[in-house]
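Novice: Starting off with a structure, shown below.
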Amino acid sequence: MAQEAGATVAFSPQPEKIPPIIQRGLTQLTGKPTPAKAWRSLVSTQDTVGIKVYSAPGPTSGTRPAVVEAVVQSLLAAGQPPKQIVVWDKHLSDLRQAGFFELAERYGVRVAGAAEAGYDEKTFYETALLGQLVWGDLEFGQKGDGVGRKSYVSKLVTQQMSKIINVTPLLNHNFAGVSGNLWGLALGSVDNTIRFENDADRLATGVPEIIALPALGDRVALNIVDALICQYQGEEKTLLHYSAPLNQLWFSTDPVALDVLSIQELDRQRKAANARAVKINLELYQNASLLEIGVSDPRQIEVMRLP
């Protein structure tokens, strides 16, 4: 966890303050002397790196473009070709409204939507739970046995990138606990997601199993929590009166540990504000640990705090 005083002012990120946080976080995590060497230990210049953001809540409560910009700057300085950097989320419309198109134009990197790229018929997650298919889902309009039981992975993931960097906001989620690394990547990468979205038990089973697909989870090189601001109520709605500035970024190769720490911080901030209590359900993250995606037991998570 790296912190920079003044990284936000009145809930607005200060772009000049963020690159030093990226530098400290990367070098501390990897043990390398420079950000360039840190990046080389995580990705190669031959990789196409997909920076996965959560853009639906917009630039204030979702992944903040200023954080992604600092990541892009650091990757470019380390020699990553701009055309081999993709800023992506499920829908292009959300990316556009959050300001990521302008960022991509400034640096010559790509921006892409998983849904718009289409879905890969050969790569999917299958369960007995039937889905309510909508337009855009690969099997929408099809009839027959088994239709609606598969969630197909986007071709953007399977065909257009070799490494993934998660950059997720510290933002609550009513069923998953946090709109974090596991929830965001799983539901942002596949179709036929309505069957999971509003049910904690279904999310607790489906999200870890989707992440465990080799085509998805094996591509993740780094997870960053955008903890400049902690919004502990509201989900996709920007509710700054339920927010607290932390001016931090968190780094780990373990998405489960980061999500568990995020849920703990959200709970701390709710208690500090005397906000409505939320029952914390860690089943999703415990299931992820059983699938060896990461560590869910807070007692086994080592936290290093940087000034």
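The values are calculated or read from the model by the stated rules, or taken from the named source; none is laboratory data. Keep in mind the model is a prediction, meaning the values are calculated, not measured. With ideal geometry, Cβ positions are generated from the backbone for all residues, glycine too; neighbour counts draw on all protein chains shown. Quick note on the areas: whole protein, heavy atoms, side chains included, nothing else; ligands and nucleic acids left out. Shrake-Rupley method; radii C 1.70, N 1.55, O 1.52, S 1.80 Å.
Novice: At q = 0.13 Å⁻¹, what base-10 log of I(q)/I(0) does the Debye formula yield for the range 120-187 when every alpha carbon is treated as an equal point scatterer in vacuo?
Specialist: Debye intensities relative to I(0), on a log10 scale: -0.50.
Novice: Could I ask something else about it? Tabulate in residue order the Karplus-calculated ³J(HN,Hα) for the range 224-241, using 6.51 cos²θ - 1.76 cosθ + 1.60 with θ = phi - 60°, rounded to whole Hz; enter x for Gly and Pro.
Specialist: Along the range 224-241, the couplings run 10, 8, 7, 9, 4, 9, 9, 9, 9, 8, x, 6, 6, 8, 6, 10, 5, 6 Hz.
Novice: Could you check how much of the accessible area of the chain is carbon and sulfur, as a whole percent, using a 1.4 Å probe?
Specialist: Working: 6460 of 13200 Å².
The value for the chain is 49 percent carbon and sulfur by accessible area.
Novice: Let me ask something additional. Pull up the cross-link candidates among the lysines for Lys163, meaning alpha carbon to alpha carbon under 16 Å and not fewer than 8 places away within one chain.
Specialist: By straight Cα distance, Lys163 reaches Lys52, Lys83, Lys155.
Novice: Return one whole number: the accessible area per residue of the chain in Å², for a 1.4 Å probe.
Specialist: Working: 13200 Å² over 307 residues.
Dividing the accessible area of the chain by its residue count gives 43 Å².
Novice: In sequence order, what are the phi-derived ³J(HN,Hα) couplings for the range 146-162 according to the Karplus relation 6.51 cos²θ - 1.76 cosθ + 1.60 with θ = phi - 60°, rounded to whole Hz, with x for glycine and proline?
Specialist: Computed from phi, the couplings for the range 146-162 are x, 5, x, 9, 10, 10, 8, 7, 4, 4, 4, 6, 6, 10, 10, 8, 10 Hz.
Novice: Here's another thing I want to ask about it. Viscosity 0.692 mPa s, temperature 37 °C: what is the translational diffusion coefficient of the range 95-139 from Stokes-Einstein with a Kirkwood Rh over Cα pairs, rounded to a whole number of µm²/s? All intermediate terms of the calculation are to be shown ahead of the outcome.
Specialist: Numbers: Rh = 13.3 Å.
D = 246 µm²/s.
Novice: Now, a different point. Ala200 versus His241, label points 7 Å from Cα toward the beta carbon: distance in nm?
Specialist: My value for the distance between the label points is 2.6 nm.
Novice: Counting only residues 5 or more places away or on other chains, whose amide H sits under 5 Å from the amide H of Thr123 once H atoms are built in the peptide plane?
Specialist: Answer set, sorted by chain and number: Val153.
Novice: Using a Förster distance of 41 angstrom, determine the FRET efficiency expected from the C-beta separation of Arg40 and Gln159, and round it to 0.05. Show your work: numbers first, answer last.
Specialist: Numbers: r = 24 Å, r/R0 = 0.60.
Efficiency at R0 = 41 Å is approximately 0.95.
Novice: Can I ask one more? Among 8-14, 126-132, 47-53, 217-223, what's the highest-first ranking by average C-beta atoms within 10 angstrom per residue? Mind showing how you got there, number by number?
Specialist: Working: 8-14: 14.6, 126-132: 12.9, 47-53: 24.6, 217-223: 20.6.
Order by mean packing, descending: 47-53, 217-223, 8-14, 126-132.
Novice: Normalising by the residue count of the chain, find the relative contact order in percent from Cα pairs under 8 Å and 6+ residues apart.
Specialist: Values: 635 pairs, mean separation 61.6, N = 307.
Once normalised by length, the contact order is 20 percent.
Novice: Further question on the same structure: Using 7 Å Cα-to-Cβ label points, what is the Thr253/Glu102 separation (nm, one decimal)?
Specialist: Between Thr253 and Glu102, the label points sit 3.7 nm apart.
Novice: Now a separate question. Highest mean first, what order results for 79-89, 32-42, 169-179, 258-268 on Cβ atoms within 10 Å? Write down the numbers at each step before the final one.
Specialist: On the way: 79-89: 19.8, 32-42: 16.9, 169-179: 24.0, 258-268: 22.5.
Descending packing order for the listed peptides: 169-179, 258-268, 79-89, 32-42.
Novice: With each pseudo-label sitting 7 Å past Cα toward Cβ, what's the Lys143-Val278 distance in nm, one decimal?
Specialist: Once both label points are built, they end up 4.3 nm from each other.
Novice: For the chain, with the dipole built from +1 on Lys and Arg beta-carbon atoms and -1 on Asp and Glu ones, taken about the Cα centre, which of Val134, Ala112, Pro65 lies farthest toward the positive end?
Specialist: So the residue furthest toward the plus end is Pro65.
Novice: Oh, and also: Under the rule of at least 5 residues apart or a separate chain, name every residue whose amide H is placed under 5 Å from the amide H of Val178.
Specialist: For Val178, whose amide H was placed from the backbone, the distant partners under 5 Å are His173.
Novice: Enumerate the calculated ³J(HN,Hα) couplings along the range 243-250 in order (Karplus 6.51 cos²θ - 1.76 cosθ + 1.60, θ = phi - 60°), each rounded to whole Hz, writing x wherever the residue is Gly or Pro.
Specialist: Those phi angles translate into 10, 9, x, 10, 6, 10, 10, 10 Hz.
Novice: When you have a sec, figure out the Kirkwood radius of the range 1-70 from all distinct Cα pair distances and drop it here in Å to one decimal? Please report the intermediate quantities before stating the final value.
Specialist: Details: mean 1/r = 0.0742 Å⁻¹.
13.5 Å is the Kirkwood radius here.
Novice: Could you grab the Rg to Rh ratio for the chain? Cα atoms only, Kirkwood for Rh.
Specialist: That ratio is 0.95, to two decimals.
Novice: For the range 181-307, just the Cα atoms, rotate onto the principal axes and tell me the three extents in Å, largest first.
Specialist: 39, 34, 23
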